[in-house]
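These notes concern the structure reproduced below.
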Amino acid sequence: MITATDLRFVHLGITIEHLRNSISVFGFRIAFYGIIIGCGMIAGLWVARRDARRRGQDPELYTDFAIYAIIFSIIGARIYYVVFAWDAYKDHLPEIFNLRAGGLAIYGGVIGGVLTLLAFSRLHRQSFRSMGDTACLGLLTGQIIGRWGNFFNCEAFGGYTDNLFAMRIRRAIVNPSMISQELLDHLIVEDGIEYIQVHPTFLYESVWNLALLMFMLWYRKYKKFDGEMICIYLLGYGLGRFWIEGLRTDQLILFGTGIAVSQALSMILVAAAALALAAGHRKMRQTNNE
């Protein structure tokens, strides 16, 4: 009897015979995606609290902020996804509220978090830029971990590749809407079982974000002005996301343009962050020369 392998990193020698995406607790299904997102949130808060303590701030301020940020980031992530995938929801409006079926966009979550911080910092009479410099470290930590939820869902992958990190997935466990014609053209059949072979873009983004976080943790002691860490985050994440988004098969497209929304937004954020960094450093030089 032939046993199908669910997933394999073909050139790394890593094989997963049966990839589970949930556990059952008292008959209630709990998706690994949700568990991993939750772990990312907890780890992100831990990093933010440690940075706050290092800076002489009150860590409890970030715990209070996180309660609101998590709620509104999830709302923002869902709204962003639904808006740019409207064709899938316009005739099934109740599905908008079915989060268990998936459909969260990270950039929507980032926007929701930023808006929440704007309101929170004003209400608590705190500096938005100063809090943002610490909060973005926690956000990035959450993104590093959270991307692995896509791994268990077999989603957020790229087109065909045979590079070192090529990931081969059994076609039957993948959402058909995510399988592009390019992947069908390179369909692999082993013992009568069909597989697609893809770029593991979730892995690329997780590793990119980890490298960015390591740099930011090193650089933070050399920070020149409040808001600089936010700019570095937007610049670094935006560059990586622009490249990685171009590889993906499940892009959200800007209405009638054929342009991936996340790529367009990434370039806008990269440009804005670069300008803000240049302006901030110029202002610091002028201040030091006076």
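Read the figures in this text as sums done on the coordinates, not as results from a lab. None of the values given here were measured: they were computed from a predicted structure. No Cβ is skipped: glycine too gets one built from the backbone with ideal geometry, and neighbour counts run over all protein chains shown.
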Practice item. Decide, for segment 76-162, between rounded, prolate and oblate: order the square roots of the alpha carbon gyration tensor eigenvalues as a ≥ b ≥ c, take rounded if a/c falls under 1.5, and otherwise choose prolate if a/b is larger than b/c, else oblate. Key: oblate
Review point. Once the Cα gyration tensor of segment 144-284 is diagonalised, what are the square roots of 5 times its eigenvalues, in whole Å and ordered largest first, as equivalent ellipsoid semi-axes?
Key: 36, 17, 10
Point to revise | Proximal charge balance of residue 230 [Cβ under 10 Å; K/R count +1, D/E count -1] | key: -2
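Which chymotrypsin sites (Phe, Trp or Tyr not before Pro) does segment 1-88 hold that lie in a coil by DSSP with at most 11 other beta carbons within 10 Å? Display every interim value, and only then the final one.
Working: sites: 9, 26, 28, 32, 33, 46, 62, 65, 68, 72, 80, 81, 84, 86; in loops: 26.
Counting only loop positions with at most 11 other Cβ atoms within 10 Å, the chymotrypsin sites (Phe, Trp or Tyr not before Pro) in segment 1-88 are 26.
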Review point. Just in segment 99-168: which trypsin sites (Lys or Arg not before Pro) are loop by DSSP and have at most 14 other Cβ atoms within 10 Å?
Key: 125
Check your understanding: Are there GluC sites (Glu not before Pro) in segment 1-109 that DSSP marks as loop and that have at most 11 other Cβ atoms within 10 Å, and which are they?
Key -> 17
Study note, to complete from the structure: In order over segment 212-223: 3J(HN,Hα) from phi, Karplus 6.51/-1.76/1.60, θ = phi - 60°, whole Hz, x for each Gly or Pro, gives 5, 5, 4, 5, 5, 5, 6, 6, 4, 6, 9, 4
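What are the semi-axes of the equivalent ellipsoid of segment 1-159, taken as the square roots of 5 times the eigenvalues of the Cα gyration tensor, listed largest first and rounded to whole Å? If you can, show how the numbers build up before the last one.
On the way: eigenvalues 217, 89, 40 Å².
So the equivalent ellipsoid measures 33, 21, 14 Å along its semi-axes.
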Check your understanding: Using Cα-only point scatterers and the Debye equation, what is log10 of I(q)/I(0) for segment 134-187 at each q in 0.15, 0.28 Å⁻¹, rounded to two decimals?
Key -> -0.54, -1.17
Revision key, fill the gap. Residues whose modelled amide H sits under 5 Å from the amide H of residue 194, counting only those 5 or more places away in sequence or on another chain, are 171
Practice item. Quick one: what are the phi-derived ³J(HN,Hα) couplings along segment 231-248, Karplus 6.51/-1.76/1.60 with θ = phi - 60°, whole Hz, x for glycine and proline? Key: 4, 5, 4, 5, 5, x, 5, x, 4, x, 5, 4, 5, 5, 4, x, 8, 6
Check your understanding: Where the centre of each part is set by its Cα atoms, how far does segment 8-31 sit from segment 138-203, in angstrom?
Key -> 14
Practice item. Over segment 35-96, consider all pairs of different Cα atoms and compute the Kirkwood hydrodynamic radius from their mean reciprocal separation; express it in Å, one decimal. Key: 13.7
